[in-house]
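Comments concern the structure below.
Nothing in this text is a laboratory measurement; each read-out follows from the coordinates by a stated rule. Remember, predicted model here, so these are calculated numbers, not experimental data. A quick note on method: Cβ atoms are made from the backbone with ideal geometry, for glycine too, and the neighbour counts reach across all protein chains shown.
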Amino acid sequence: MSATVRPLRLLLLSTSVGALGSGLGGGVELTLHNIARTLSLRQHTVKIVAPLGSVYAAAPLVEIEGALQTTAQSAGRDAPIAMPADALLANMWTYARQVQDQYDVLVNFAYDWLPFYLTPFFDRPIAHLVSMGSLTDAMDKVIGQTIAQFPESIGVHSRAQADTFTFGAQCRVLGNGFDLSLYEFCARPERSLAWVGRLAPEKGLEDAVAAAQATQLPLKIWGIMQDPSYWQQIQQRYPTAPMTYEGFLPTAQLQTALGNCQALIMTPRWVEAFGNVAIEALACGVPVIAYRRGGPAEIVQHGKTGWLVEPDNIAELVEAIAHLGEIDRHTCRQQAEADYSLAAMGDRLEQWFAAMLSQSGC
Ligand code: HBI
């Protein structure tokens, strides 16, 4: 444990768009799990608050019932704050208010208005791990108000994500961390490409399919089927592309399948806050070919652990695929170990909490 902080009692409050294990929470589920793991390994006590039906084994879990939040991506910039009747989110924070004096720091993982609005009303510091870039005016405003009053309270995954907010310079960039012992290095892949993510328009799957069509390299697609009509459109548009939808796999199975691929293709249409799956690929020795946009552009070391190409440029994707032979798969694994291990993330989290606690004077 770094000297910066004593053992802490931490309450981690999960996203409210889906139960842990459902895949609905996207990257936040894996992020929360890895953060709980690395902090527990460092003598901190961790408890997780999550929706009823959550499946979680690595830390004590409090399940809260109530109606799920609708996903923020589908909202427009001027979307009003939406809370269903009997909102799970409100019930989670009612619980947090009741037990807050048993904890030193509360950590919020929800990209929703309420936890930010409530921050000044709590006696304990709340650390907000913001999981996406700027999406709506209402969220920008309430996060901005929070960081103005509590300058150390906003953590993000990448500088690119921070820069989508006007207050980006004040955000703490945390990257992310993974249990790399779960990821097996694969030296000799099969002749195939990988694409991993929620099947939704902001993920730009159609570009990876177009690249598979052009190179005739089979594209394997893993992830939760968030938007079936989107997938239908892709199949109709590329009827002969060599692609297979392989479903949503838990980490253990995903890493084996991903490791067998020649490269991971990342084609985000939006500013991906980070790109957990880029690290998972690197950890297996898989080079990443990504649009020079958002978190992946800060992860991929161009020409060393993959290729960064001009956003939305399919010809450049195809060109990068042709140059995969120049990437040493061992270098990919080494980068994951240097920057994105549980220990590296644990250090960054402890520095964050220490800064918050020294600021709140306790
Ligand atoms: N939408 N309203 C809302 N709240 C969240 O916490 C949320 C979301 N959409 C997606 C999401 N979280 C995560 O899948 C991403 O942040 C990774």
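Observations on the model:
- Checked against (1) in a strand (DSSP E or B); (2) away from the ligand (no atom under 16 Å from the Cβ); (3) under 28 Å from Leu199 (Cα atoms), Leu10 meets all criteria but (3).
- Among residues that are farther than 18 Å from Phe122 by Cα and in contact with a strand residue (DSSP E or B) (Cβ under 6 Å, 6 or more places away or on another chain), Ala36 is included.
- Members of region 13-54 found to be assigned to a strand (DSSP E or B), closer than 25 Å to Ala354 by Cα and in contact with a helix residue (DSSP H, G or I) (Cβ under 7 Å, 6 or more places away or on another chain), listed by number: Leu13, Val46, Ile48, Val49
Here is a yes/no grid of residues against (1) among the polar types (S, T, N, Q); (2) without any contact (Cβ under 8 Å) to a residue 40 or more places away in the chain:
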{"position": "Asn108", "(1), (2)": "yes, no"}
{"position": "His128", "(1), (2)": "no, yes"}
{"position": "Ala138", "(1), (2)": "no, no"}
{"position": "Thr164", "(1), (2)": "yes, no"}
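- Subset of region 179-198 [in a loop (DSSP other than H, G, I, E, B) and surrounded by fewer than 24 Cβ atoms within 10 Å (Cβ to Cβ)]: Asp179, Glu184, Phe185, Cys186, Ala187, Arg188, Pro189, Glu190, Arg191, Ser192, Arg198
- Filter pass, Ala273 being in contact with a His (Cβ under 7 Å, 6 or more places away or on another chain) and either within 16 Å of the ligand (Cβ to nearest atom) or of a type in the set (A, V, I, L, M) (or both): yes
- Scope region 16-48; condition surrounded by fewer than 19 Cβ atoms within 10 Å (Cβ to Cβ) and hydroxyl-bearing (Ser, Thr, Tyr); matching residues: Ser22, Ser40, Thr45
- Checked against (1) surrounded by fewer than 24 Cβ atoms within 10 Å (Cβ to Cβ); (2) hydroxyl-bearing (Ser, Thr, Tyr); (3) in contact (Cβ under 8 Å) with a residue 12 or more places away in the chain, Ser229 meets all criteria but (3).
- Hey, Tyr56 surrounded by fewer than 17 Cβ atoms within 10 Å (Cβ to Cβ) and away from the ligand (no atom under 14 Å from the Cβ) or not: no
- Selection of region 120-153 for residues being over 21 Å from Arg348 (Cβ atoms), under 23 Å from the mean Cα position of the chain (by Cα) and away from the ligand (no atom under 16 Å from the Cβ) yields only Gly144.
- Only a single criterion out of (1) touching a strand residue (DSSP E or B) at 6+ places or on another chain (Cβ under 8 Å); (2) within 25 Å of Val49 (Cβ to Cβ); (3) without any contact (Cβ under 8 Å) to a residue 60 or more places away in the chain is not satisfied by Val156, namely (3).
- Scan region 249-267 for residues that are in contact with a Lys or Arg (Cβ under 9 Å, 6 or more places away or on another chain) and either more than 19 Å from Ala214 (Cα to Cα) or among the β-branched types (Val, Ile, Thr) (or both) and the total you get is 4.
- Of the criteria (1) surrounded by fewer than 19 Cβ atoms within 10 Å (Cβ to Cβ); (2) within 15 Å of Ser22 (Cα to Cα), which one Pro51 fails: (1)
- From the options Ala257, Ala214, Ala252, Ala281, residue that is away from the ligand (no atom under 16 Å from the Cβ), surrounded by 21 or more Cβ atoms within 10 Å (Cβ to Cβ), touching a residue at least 12 places away in the same chain (Cβ under 8 Å) and part of a helix (DSSP H, G or I): Ala281
- Within region 71-125, considering residues that are exposed (fewer than 13 other Cβ atoms within 10 Å of the Cβ) and in contact with an Asp or Glu (Cβ under 9 Å, 6 or more places away or on another chain), the one nearest to Ala355 (Cα to Cα): Asp123
- Among the residues of region 103-119, those identified as aromatic (Phe, Trp, Tyr) and within 13 Å of the ligand (Cβ to nearest atom) are Phe109, Tyr111, Trp113, Phe116.
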